[in-house]
Each structure stands twice: as C-alpha cells, then as structure tokens.
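The values are calculated or read from the model by the stated rules, or taken from the named source; none is laboratory data. Only a predicted model underlies this, so the values are computations on that prediction, with no experimental measurement involved. When we count neighbours, we look across all protein chains shown, and the Cβ atoms used for this are built from the backbone with ideal geometry, even at glycine. With ligands, DNA and RNA removed, areas are computed over all heavy atoms of the protein, side chains included. Shrake-Rupley method; radii C 1.70, N 1.55, O 1.52, S 1.80 Å.
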Amino acid sequence: MKKLSDREQYIASFHQKKNKDKAIPMEAYMKNMFPFLGIKSPERKEIVKEYFSAYQLPSEDVLIEEIWAIYQLPEREFQYAAITLLSKKIKKLQINDLPFIEKLIMEKSWWDSVDSIAPTIVGSIVKNNRAKGEEIMKQWSSSENMWLNRAAILHQLKYKEDTNEDLLKEIILRHNQSPEFFIQKSIGWLLREYAKTNPEFVKGFVLTHDLKPLSKREALKNL
C-alpha cells in the first residue's frame, strides 16, 4: 500500500471526521458561501494537534506550495487548516512572503479567513519590518479589493502600544465613508481594540472625524 504524503495524511484526517449534519448549519452561518465538512473548531484543533505530533512541518522550500494546495480545496475547513499551517511558521515569515499572503486573502475571500490572516500573520510580518511593511499596507488599503482593504485596516489590531497612529488614521480615513459593511465593521473593531490602550486617542478621533454610524458605534462600545 502506498504511504500517504504528509499533505495527503493531513487532508485525509479531515475527511475522516466529516459530518453532514453539522455541515448544514455551518454552511448557513457562512451564508452558504462555501461547502463544509462539518468539523467544528474543537475537533479541528484536535486534528491539527494530532497531525503536528506525528509529522514535521513541510520544509521551507515547499511550505508555500503545500499551503496553497490545501487552501484551494473546496471545503472551508481546508482554508482554516492551511492558515494554521502557515501560522506555525509565523516567526520565519518575511516581507517577501506578503505577495503570497495577498493571494490567500484574495482567494475564497470572506471575513473568517481574512480575520485569521490579517491581525496575526500580516501583523507580525509588518511589525518586523515597519518601513517596507507599512508601505505595502498603504498599497493594500488603496486596492480595489475590499478584503485587502480590510486586511490593511486590521493588521495593527494587536499592536497595542506599538500602534502607528498616523498610519491608523491614514488608512481609516481612506475608507471612513465606505458603504461596505465589512469595512465599516473593521474600522470600528480596530478603534475599539485600540481604545483599550489609548482611549483618549480613540475618543478624539471619533469626535473629530466623520465615521459611519456602525464604525462609530463599534469604536465607542466599551468607552
């Protein structure tokens, strides 16, 4: 019998846990944008844990290829699985990995995948090379792709005291009149999170700039 490759084993581990009954409400929650295997988060995390205890991560030279192959599979759990695989190498990711991550964001785009990538993976890369990374975030924020805009807004979500307030303002004000729900929500989320670190800045920003009601409501929710 042919021995399964690491990638095939990873994929097979998910298919073994397939549950059609659970898949139906999961698909409905995601507006039927994607098919699901029906594996909820705790089960998915257990599969990943077991996989990484039995197999080594792919080597650096094939990691991107492996992640892309998994990400393109139809069921939504595989996008989550690919992002988890990428996050295991987060400390080694560099600025030159951002074009690939941009491709992930633009493929099978929805809030769940973008929000799993932007604040952690993108945020970590930019933080390690602020000058080049912030220039790329400005480019993303100017893109016609809404999900790249959202990623640019959210990349500083976990920065706390390291937040570049000038960049935060610049990117938000590029989109403060956007009619897109997911953009308005991301602006409010970023400001609400930063209010935990600098509430006076957030109060002042909201009072002196014309934000959409949803963004404003989210920003001030805990103040």
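Given a 1.4 Å probe and heavy atoms of the protein chains only, how would you sort PHE100, PHE78, largest accessible area at the top? Could you put the intermediate results ahead of the total?
Working: PHE100 25, PHE78 0 Å².
Greatest to least solvent exposure: PHE100, PHE78.
Work out the charge dipole of the chain with +1 on the Cβ of Lys and Arg and -1 on the Cβ of Asp and Glu about the Cα centre, then indicate which of MET26, ILE183, ALA152 is farthest towards its positive end.
Checked the options; the winner is MET26.
Could you work out the relative contact order of the range 1-124? I mean the mean sequence separation of Cα pairs under 8 Å and 6+ apart, divided by the number of residues, in percent.
19 percent
Quick check on my link table: of LYS17/LYS196; LYS31/LYS185; LYS158/LYS216; LYS127/LYS196; LYS40/LYS203; LYS88/LYS169, which ones sit more than 29 Å apart, alpha carbon to alpha carbon? Don't skip to the answer; put the middle values down first.
Numbers: LYS17/LYS196 39 Å; LYS31/LYS185 18 Å; LYS158/LYS216 20 Å; LYS127/LYS196 19 Å; LYS40/LYS203 38 Å; LYS88/LYS169 31 Å.
LYS17/LYS196; LYS40/LYS203; LYS88/LYS169, as the Cα separations exceed 29 Å there.
How high is the relative contact order of the chain, given as a whole-number percent (alpha carbon pairs under 8 Å, six or more residues apart)?
12 percent
Based on the Kirkwood radius over alpha-carbon pairs, what value in µm²/s does the Stokes-Einstein equation return for the translational diffusion coefficient of the chain at 10 °C and 1.306 mPa s? If you can, show how the numbers build up before the last one.
Details: Rh = 18.7 Å.
It diffuses with D of about 85 µm²/s by this estimate.
Over the range 148-220, calculate the relative contact order: mean separation of alpha carbon pairs under 8 Å at least 6 apart, over the residue count, as a percent.
Values: 74 pairs, mean separation 25.9, N = 73.
Relative contact order comes out at 35 percent.
Which helices of the chain meet both criteria: a Cα extent of 18 Å or more along the helical axis and a mean Kyte-Doolittle score no lower than 0.0, with helices taken as whole DSSP H segments?
Values: long enough: 41-54 (20 Å, -1.00); 181-194 (20 Å, 0.24).
Passing helices, by number: 181-194.
Could you pull out every residue, at least 5 positions away or on a different chain, whose amide H is within less than 5 Å of the one on HIS155? Hs are placed 1.01 Å off N in the peptide plane, and Pro or chain starts have none.
none
Students often check this: by mean Cβ neighbours within 10 Å, which of 132-138, 40-46 ranks highest, and how do the rest follow?
132-138, 40-46
First measure r as the distance between the Cβ atoms of LYS169 and GLN72, then evaluate 1/(1 + (r/R0)^6) with R0 = 30 Å and state the FRET efficiency to the nearest 0.05.
With R0 = 30 Å, the Cβ-Cβ based efficiency is 0.25.
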